[in-house]
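One structure below.
The values are calculated or read from the model by the stated rules, or taken from the named source; none is laboratory data. Keep in mind that this is a model prediction, so the values were computed, not measured. Note that each Cβ is placed from the backbone with ideal geometry, even for glycine, and that neighbours are counted across all protein chains shown.
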Amino acid sequence: MASLGSLLADEEVSLTRGGFIFPAPVSHLLTRGSFVWATMVDIACSIVKNYKILAEVAGHQPDYIWGCGGGLQSLTLRQLIANLTGKKVQMRAGFQQSSAVGGALICNEALGIDGQMDGSVETVHPQEEAHYAAIYAEWEKTRDYFRNMN
């Protein structure tokens, strides 16, 4: 499990300590892939925590979350977010580079050019929600551990 210092919406400052936690003695089963996976889980859990905070304030109730942008080009990250929230994660085709696409759409509008976009939507459905709820709870414990470290 990892907690690498993401700033959450309900915090004034990010963590000043972070890292990876794994059983000792170090197992031969621990690989570079284990660290990559722990990092992906930390990113996903941070996104989900921020989503939960914002959804509570905004009252977001649908069974889906719209995604766009660089990090969500990763199908693995989208699947993790879906699993952790229990909601579908949807992305419109072409929105993997949302800043560039948005800029192009604004320029087209200013020039009077009708910029037709592909309306197709890619949807990732949640799976194994109970398993990922346990992972999320472990991530919260790990984050609290690093927050309370002297």
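Numbers below:
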{"item": "Subset tally (residues that are surrounded by fewer than 17 Cβ atoms within 10 Å (Cβ to Cβ), within 18 Å of K141 (Cα to Cα) and of a type in the set (V, I, T)) for the range 14-48", "result": "3"}
{"item": "Selection within the range 47-65 - under 17 Å from M91 (Cβ atoms) and aliphatic (A, V, I, L, M)", "result": "I47, V48, I65"}
{"item": "Qualifying residue in the range 12-34 (condition: part of a helix (DSSP H, G or I) and of a type in the set (F, W, Y))", "result": "no"}
{"item": "Looking only at the range 127-150, and only at residues there that are among the basic types (K, R) and surrounded by 14 or more Cβ atoms within 10 Å (Cβ to Cβ), the one that is nearest to S3 (Cα to Cα)", "result": "R143"}
{"item": "Which listed residue is in a strand (DSSP E or B) and at pLDDT 85 or above, from I43, I65, I81, I47", "result": "I65"}
{"item": "Residue within the range 70-87 that is of a type outside the set (A, V, I, L, M, F, W, C), surrounded by 12 or more Cβ atoms within 10 Å (Cβ to Cβ), more than 30 Å from F22 (Cα to Cα) and without any contact (Cβ under 8 Å) to a residue 40 or more places away in the chain present", "result": "no"}
